[in-house]
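Since the structure comes first, as structure tokens, the remarks are kept for the end.
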Amino acid sequence: MKHMIVNTEKAIQALGDKRLFITGGSGFIGTRLIQTVNTVAPVTILSRKQSIPALRDSVSVVQGDLTEHGSMPDDMLAGIDCIIHLASYVHQEKGREIDDKHFAITEDGTRFLIAKAVQAGVKKFIYVSSVKAMGESTDTLVDEESICQPESPYGLSKLAAERLVLELGRKYGIHVCVLRLPMVYGTGNKGSLPRMIAQIDKNRFPPLPDIDNKRSMIHVDDVVQAILLAITRKNANNNIYIITDGEFYSTYRIYLEIVEQLKGRAPLLRMPVIVFKSLAKTGDLLGRINGSPFMFNSDVYRKLFGSAYYSCKKIHDELGYTTTKTFYTTLPELIDEYRKGMQ
């Protein structure tokens, strides 16, 4: 923990009074980033809303939409030193219209934004991407040298945007860096882990089998650390970094820890893997019949029991990224947040 705090504090000091422009600034990661840097660096965020009550008064808001280029003020990047591009389209539904939105927001939106950065003379551009640009699952430990084989529109559009950022960075001499994130956890998140905690507490989550899969995650504070290092370290330029908390999690171990901390005991039952496989096949069939994905199918099965684990050695070695936060050490905070929300 000490090393992470030192890294973050040094990076904040190195920011000086650089002006930051953040897309997705009202989201989970963006909000935590702003809380970390706002006392030092002036922050402007891009939002479709005119004002965001949860943000500090000192944060400037530019109203605009990355899919509607005419909605953006021409001078929105005037005086900006660095862009942190967090905004993306994360919906997992399928269909031509949904696929088009992924590319319109993620690829075309990034192309527009970096072109505006070039025009405005912005010196740095940090693109926060996803490990899904490399694929949905892994059989072995994956690093930045591994072949990218994205499968979903989300992953395909992320990879396309990454390549744009790196290409235009080289072409125009902008300091650019791509960060690939796995699932992000921490208080304030509304994602799948808080939902899992709630479902387990209400006895609505199925008892999982003890499968030794491996998945990577990262704490939101460590994402902020990596973003600040990407901005302030010169050798981050024109590089891609995978960031994780260094742990490999099995779904069963996550489930076990949540049950034990919520209920004070180990799970009483385990449902055999064959049951989940049968349910997944049934879900696939129902999805084909109904023309829309069923709530549990082979895609969900793979996310639950498949592996997707990554190495963060490169960013550790090159930028000094260090973290000691894990899901296990953070879980008491997540459960406390859940219980307070139930009051």
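With respect to the conditions (1) surrounded by fewer than 17 Cβ atoms within 10 Å (Cβ to Cβ); (2) at pLDDT 95 or above; (3) touching a Gly at 6+ places or on another chain (Cβ under 9 Å), D317 lacks only one, and its number is (3).
Please find, within the range 135-183, the residue that is farthest from the chain's Cα centre (by Cα) out of those that are of a type in the set (G, A, S) and at negative phi.
Within the range 135-183, the match that is farthest from the chain's Cα centre (by Cα) is G169.
Sort out which residues of the range 202-251 are over 30 Å from F296 (Cβ atoms) and among the aromatic types (F, W, Y), and write them in order of number. Answer for the range 202-251, where residues must be over 30 Å from F296 (Cβ atoms) and among the aromatic types (F, W, Y): just Y241.
Taking every residue in the range 267-283 that is within 20 Å of F294 (Cα to Cα) and without any contact (Cβ under 8 Å) to a residue 40 or more places away in the chain and pairing it with any residue that is part of a helix (DSSP H, G or I) and hydroxyl-bearing (S, T, Y), at least 6 positions away or on another chain, the pairs with Cβ-Cβ distances below 6 Å are A280/S298; A280/Y301.
State which residue is nearest to F112 (Cα to Cα) when the search covers only the range 165-198 and only residues that are in a loop (DSSP other than H, G, I, E, B) and touching a strand residue (DSSP E or B) at 6+ places or on another chain (Cβ under 9 Å). Looking at residues that are in a loop (DSSP other than H, G, I, E, B) and touching a strand residue (DSSP E or B) at 6+ places or on another chain (Cβ under 9 Å), I get I174. For the range 237-269, taking the residues that are surrounded by fewer than 15 Cβ atoms within 10 Å (Cβ to Cβ) and of a type in the set (K, R), the one that is farthest from the chain's Cα centre (by Cα) is identified as R265. For the range 84-97, the criterion of being part of a loop (DSSP other than H, G, I, E, B) and modelled with pLDDT of 95 or more is met by at least one residue. Looking for something polar (S, T, N, Q), in contact with a Lys or Arg (Cβ under 9 Å, 6 or more places away or on another chain) and at negative phi - is there at least one such residue anywhere in the range 211-226? For the range 211-226, residues polar (S, T, N, Q), in contact with a Lys or Arg (Cβ under 9 Å, 6 or more places away or on another chain) and at negative phi: absent.
Scan the range 19-71 for residues that are of a type in the set (S, T, N, Q), part of a helix (DSSP H, G or I) and at pLDDT 90 or above and the total you get is 3.
Give the residue that is surrounded by the most Cβ atoms within 10 Å (Cβ to Cβ), with candidates limited to residues of the range 130-147 that are among the β-branched types (V, I, T), modelled with pLDDT of 95 or more and in contact with a strand residue (DSSP E or B) (Cβ under 6 Å, 6 or more places away or on another chain). Top of the filtered list is V131. Among the residues of the range 118-128 satisfying the criterion of being crowded, with 22+ Cβ neighbours inside 10 Å and either in contact (Cβ under 8 Å) with a residue 60 or more places away in the chain or touching a Leu at 6+ places or on another chain (Cβ under 6 Å) (or both), which is nearest to D75 (Cα to Cα)? The selected residue is V122. Taking the criterion of being farther than 24 Å from L141 by Cα and touching a Phe, Trp or Tyr at 6+ places or on another chain (Cβ under 7 Å), the residues of the range 176-199 that qualify are V176, G188, N189, P194, M196, I197, A198, Q199. Within the range 207-232, being among the basic types (K, R) and part of a strand (DSSP E or B) holds for one residue alone: R215.
The values are calculated or read from the model by the stated rules, or taken from the named source; none is laboratory data. Note that the structure is a prediction, hence the values are computed from the model and not measured. Here Cβ is always computed from backbone atoms with ideal geometry, including for glycine, and neighbour counts include all displayed protein chains.
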